[in-house]
Amino acid sequence: MPTKPRIWWAVPTLRVFQKSTEESYMLFNMSKILVIEDDTSIRQNLLELLELEDFKVIAAENGRIGVLLAQEEIPDLIICDVTMPELDGYSVLKILRQELTTATIPFIFLTGKSDKTHFRQGMELGADDYLAKPFTRSELLTAITARLEKKVVIAQKYQKKLDELRNSITHSLPHEMRTPLNGILGFSELLIKDVHILSSHEISEMAEGIHKSAERLLRLIQNFLLYAEIEIIATEQERINALQSHQTAFPTIALINFINEKAKKAGRAADLELNLQTRCHPQISETRLYKIIEELIDNALKFSSSGTIIQVNSTFINNKLTISFIDHGRGMTAGQIAELGAYQQFERKLYEQQGSGLGLIIAKRLTELHGGELQIHSKPEERTLVQVSLPCRSGE
């Protein structure tokens, strides 16, 4: 094996975090770094340097041990040599990127190979940085700082999204559950108290009210559970592959009847224009396809006025099925579309719409998990176009 280049510590000792805020300084100095390097002297130099910077440091003398330590310790950053016995750096990175707990750990390669081919290979596997030996102390510490700062920014971004989701759930879900529950409790209480003086027509109306409220509550619970399932599936490649292994004939008489029945139930049968002439086999199960279509046709019905046209069309181009839903209701602004997320509703106080806001995001996430795309084009108070595109095999 060729002799590895020695690391060149040419720059005087410095604190790379001097320009950081006190909060960032404390956060960085709590960081745990895993060093994977088979050359004993280089590994020892790295340990001494990082410990002087107050990092918590763990080390592995080869790739196999490095993988095990990464899985056990879940470090904040990994510095890994490329050329090592048993498992080289590329193999280490590939293994760690395939596991949920280690997939997002910042990863810096150390190597004596500086040509573009090796650089590209590392980046394609998901490396965050690539330092060619010999490198200076400043270059290494600057690379570490950049990766940890980026990790902090990403963590803050996700925390913000999590806080927004938590707030949306806190405000939206109780309201959405309370509304149908109030209907169920109110009608049932009247039936219990006044059953002897109520006419059969009044009893029938109350029973219908209970049934509608129960249906609304059931759908809310089902959507809540489905959304949670979707987000779990999105983290497991095997389950994503299983989803995409299905195929469904499109369109079918049953699907056309399903859409017509939705419009009829909403009292909008005359408003519906259905043109599903395309014949192909999208890579999605029938149940999931129906769910996407159900949520999008329900949105078009819910957010447009009776007497305005709702169009559902399909096309098949370049092995993609595109289903379009067009309504002429209130629509969404570009900002609202950009902020589309679970449990998020727009202008609730103004419109007091029913629903948790889950329907559209469920349709979007299901489409994406099946290798497709959902796009929204809307001009408020005029026209909204929602297009779902899915990989599809010709049905001819």
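Packing order of peptides 83-90, 228-235, highest average first: 83-90, 228-235 (average count of other Cβ atoms within 10 Å over each peptide's residues).
Tell me, C392, C80, C280 in order of fewest to most beta-carbon neighbours within 10 Å? Walk me through the intermediate numbers first.
On the way: C392 25, C80 28, C280 21.
Going from sparsest to densest Cβ surroundings: C280, C392, C80.
By DSSP, the beta bridges lying fully in segment 22-158 are antiparallel in about 0 percent of cases. Would segment 236-396 count as rounded, prolate or oblate if I go by the C-alpha gyration tensor, calling it rounded below 1.5 in a/c and otherwise prolate when a/b exceeds b/c, oblate otherwise? Oblate, because a/c is 1.5 or more while a/b does not exceed b/c.
Please give the net charge around E373, taking every other residue with its beta carbon less than 13 angstrom from that of E373, where Lys and Arg add +1 and Asp and Glu add -1.
Values: positive: K320, K364, R365; negative: E368.
Summing Lys and Arg as +1 and Asp and Glu as -1 gives +2.
Residue order for E51, E286, fewest other beta carbons within 10 angstrom first, comes to E51, E286. Assuming charge only on the beta carbon of Lys and Arg (+1) and of Asp and Glu (-1), the dipole of segment 22-158 about its Cα centre is about 480 debye to the nearest 20.
This ranking places H281, H328, H201, H370 by how few other beta-carbon atoms lie within 10 Å of each, fewest first, which gives H201, H281, H328, H370. Filter the cross-link list K157/K320; K32/K133; K302/K379; K32/K150; K151/K364; K160/K212 down to pairs whose alpha-carbon distance in this structure exceeds 25 Å. From the list (K157/K320; K32/K133; K302/K379; K32/K150; K151/K364; K160/K212), the Cα-Cα distance tops 25 Å for K157/K320; K151/K364; K160/K212.
Checking the a/c ratio against 1.5 first, then a/b against b/c, what shape does the Cα gyration tensor give for segment 22-158? Here segment 22-158 falls in the rounded category.
Bear in mind these aren't lab numbers, they're just calculated from the coordinates by the rules spelled out. Keep in mind that this is a model prediction, so the values were computed, not measured. Cβ: placed from backbone, ideal geometry, glycine included. Neighbour counts: every protein chain shown.
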